[in-house]
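Read through the structure below, which is laid out as structure tokens, and then see the notes.
The values are calculated or read from the model by the stated rules, or taken from the named source; none is laboratory data. Only a predicted model underlies this, so the values are computations on that prediction, with no experimental measurement involved. Using ideal geometry, Cβ is built from the backbone for each residue, glycine included, and neighbour counts are taken over all protein chains shown. Side chains are part of the model used for accessible areas, which takes the heavy atoms of the whole protein and leaves out ligands, DNA and RNA. Shrake-Rupley method; radii C 1.70, N 1.55, O 1.52, S 1.80 Å.
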Amino acid sequence: MEEIKDTLRAFISEKFEIGDDPDFTDDVHLFNEGFVDSFGAVEIIHFIEQTYNVQITQKDITLFPMNTIEEIAEVVDSKLS
């Protein structure tokens, strides 16, 4: 799962121009802290689906919190298992 987190962290950091912000960690709430907005959430889901060849459904979004890199990686890891 570390590789998934590394990939997500790199994508989010580059895509949303986060740089080396010390508050950007695997456990930070990406939306509440303003790193990503709702349009960004769609971009992250698209990236996950393309990169890992999995589908993130509306049910997944409802059932599983995906607010942090850690939470997103857990969902991706479960889809790959």
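Numbers below:
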read-out	value
Pick from the stretch 66-81, criterion under 12 Å from the mean Cα position of the chain (by Cα) and hydrophobic (A, V, I, L, M, F, W, C), ranking: farthest from K15 (Cα to Cα)	V75
Within the stretch 31-44, considering residues that are touching a residue at least 12 places away in the same chain (Cβ under 8 Å) and not in a helix (DSSP H, G or I), the one surrounded by the fewest Cβ atoms within 10 Å (Cβ to Cβ)	N32
Qualifying positions in the stretch 58-81 - of a type in the set (S, T, N, Q) and more than 21 Å from H29 (Cα to Cα)	S81
Residue list for the stretch 46-65, restricted to those being of a type in the set (A, V, I, L, M, F, W, C) and farther than 12 Å from I12 by Cβ	V54, I56, I61, L63, F64
The stretch 1-34, residues that are touching a Leu at 6+ places or on another chain (Cβ under 9 Å) and more than 16 Å from D77 (Cα to Cα)	I12, F16, F24
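To keep it simple, each residue is scored yes or no on (1) assigned to a loop (DSSP other than H, G, I, E, B); (2) free of Cβ contacts under 8 Å to residues at least 60 places away in the same chain; (3) in contact with a Lys or Arg (Cβ under 6 Å, 6 or more places away or on another chain); (4) open to solvent by 30 Å² or more (accessible area, probe 1.4 Å).
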site: L8; (1), (2), (3), (4): no, no, no, no
site: F11; (1), (2), (3), (4): no, yes, no, yes
site: D21; (1), (2), (3), (4): yes, yes, no, yes
site: H29; (1), (2), (3), (4): yes, yes, no, yes
site: H46; (1), (2), (3), (4): no, yes, no, yes
site: I56; (1), (2), (3), (4): yes, yes, no, no
site: I61; (1), (2), (3), (4): no, yes, no, yes
site: P65; (1), (2), (3), (4): yes, yes, no, yes
site: I72; (1), (2), (3), (4): no, no, no, no
